């Protein structure tokens with residue numbers, strides 16, 4: 001079963017993450033995978049990103065492309081610009097999160113950066 005198909009099985013997946021919407025705007029908290037979107041939540045904020053609004057998704061590891069020193073999943077959205085997500089649970093969890101976006105982006109499949 002593909003990762004994307006797993007997200008609709010009724011079990012919400014949750015990850016500890018950091019995220020940035022640019023200009024040094026950071027959040028930390030939980031990423032929850034729901035059937036049609038992910039939700040990033042902290043004690044002060046909630047950001048929902050539907051899978052359909054992501055036009056490109058890829059993991060970057062370069063020194064200038066990380067989020068607070070961690071490899072980051074870069075999501076280019078149709079509206080709202082770029083969103084960077086880093087896992088606090090390790091690189092394996094970041095790849096798992098990236099897998100939920102496979103097939104949703106208009107570009108090539110998710111690939112690891114340099």
Any residue that is within 16 Å of residue 13 (Cα to Cα) and free of Cβ contacts under 8 Å to residues at least 40 places away in the same chain - is there at least one of those in region 79-90?
yes
Filter region 71-89 down to the residues that are closer than 16 Å to residue 32 by Cα and not in a strand (DSSP E or B) and list them by number.
88, 89
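If the requirement is being exposed (fewer than 13 other Cβ atoms within 10 Å of the Cβ) and modelled with pLDDT under 95, which of these qualifies: 27, 62?
Result: 62 is the single residue among 27, 62 that is exposed (fewer than 13 other Cβ atoms within 10 Å of the Cβ) and modelled with pLDDT under 95.
The values are calculated or read from the model by the stated rules, or taken from the named source; none is laboratory data. As the structure is a prediction and not an experimental result, all values here were calculated from the model. Cβ sites come from the backbone with ideal geometry, for glycine too, and all protein chains shown count toward neighbours.
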